1. If a/c stays under 1.5 just call it rounded; otherwise compare a/b with b/c (prolate if a/b is bigger, oblate if not). Do that for the chain, with a ≥ b ≥ c from the square roots of the Cα gyration tensor eigenvalues.
2. Heavy atoms only, 1.4 Å probe, whole protein assembly: order ASP30, ASP57 by accessible area, highest first.
3. First compute the accessible area of the chain with a 1.4 Å probe, then give the percent of it belonging to carbon and sulfur atoms.
4. Among 37-47, 60-70, how do they line up from the highest to the lowest mean number of other beta-carbon atoms within 10 Å?
5. With the convex hull built on the Cα atoms of the range 30-93, state its orientation-averaged projected area in nm².
Amino acid sequence: KYWAVTTKRVRPKTGKIRMALKRITKGGTDYRIGITEPQEGAEMAITEYYTLGFVGDLCLLGLEPITGKTHQLRVHCATALGAPILGDPKYSEGVSEEYTSVLGNNV
């Protein structure tokens with residue numbers, strides 16, 4: 001089980017994500033992308049999630065990966081839920097000034 005703070009409130013508050021992940025390389029860096037249609041090289045990944053609480057737009061999620069794919073939780077939050085993990089440099093757009101003023105630069 002994991003906890004994560006996301007940059008948006010998640011709806012529905014609980015659920016199970018079934019989304020395949022495919023490895024891509026962009027600029028010499030490996031990424032995973034969420035795939036909704038079957039594709040060669042994509043592997044199914046399943047995550048259960050539940051909302052523990054929220055403040056403003058920030059949401060504290062409980063995450064349980066049923067499968068154990070690389071970057072699974074990060075991609076599922078950003079892609080399937082549309083709620084990137086706060087401070088994730090790979091799968092979000094960084095941390096807004098609003099949050100760095102409260103949380104510092106260590107996010």
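The values are calculated or read from the model by the stated rules, or taken from the named source; none is laboratory data. In this text, all values refer to a predicted model and were calculated from it rather than measured experimentally. Neighbour counts are summed over all protein chains in view; Cβ atoms, including those assigned to glycine, are modelled from backbone coordinates with ideal geometry. These accessible areas exclude ligands, DNA and RNA; they are computed on the full protein's heavy atoms, side chains included. Shrake-Rupley method; radii C 1.70, N 1.55, O 1.52, S 1.80 Å.
1. Working: a/c = 2.36, a/b = 1.34, b/c = 1.76.
Oblate shape, in that a/c is at least 1.5 and b/c is the bigger or equal ratio.
2. Largest accessible area first, the residues go ASP57, ASP30.
3. Details: 3330 of 6750 Å².
Percent of accessible area from carbon and sulfur atoms in the chain: 49.
4. Working: 37-47: 13.5, 60-70: 15.3.
Result, highest mean first: 60-70, 37-47.
5. Values: hull surface 19.3 nm².
Mean orientational projected area (the range 30-93, Cα hull): 4.8 nm².
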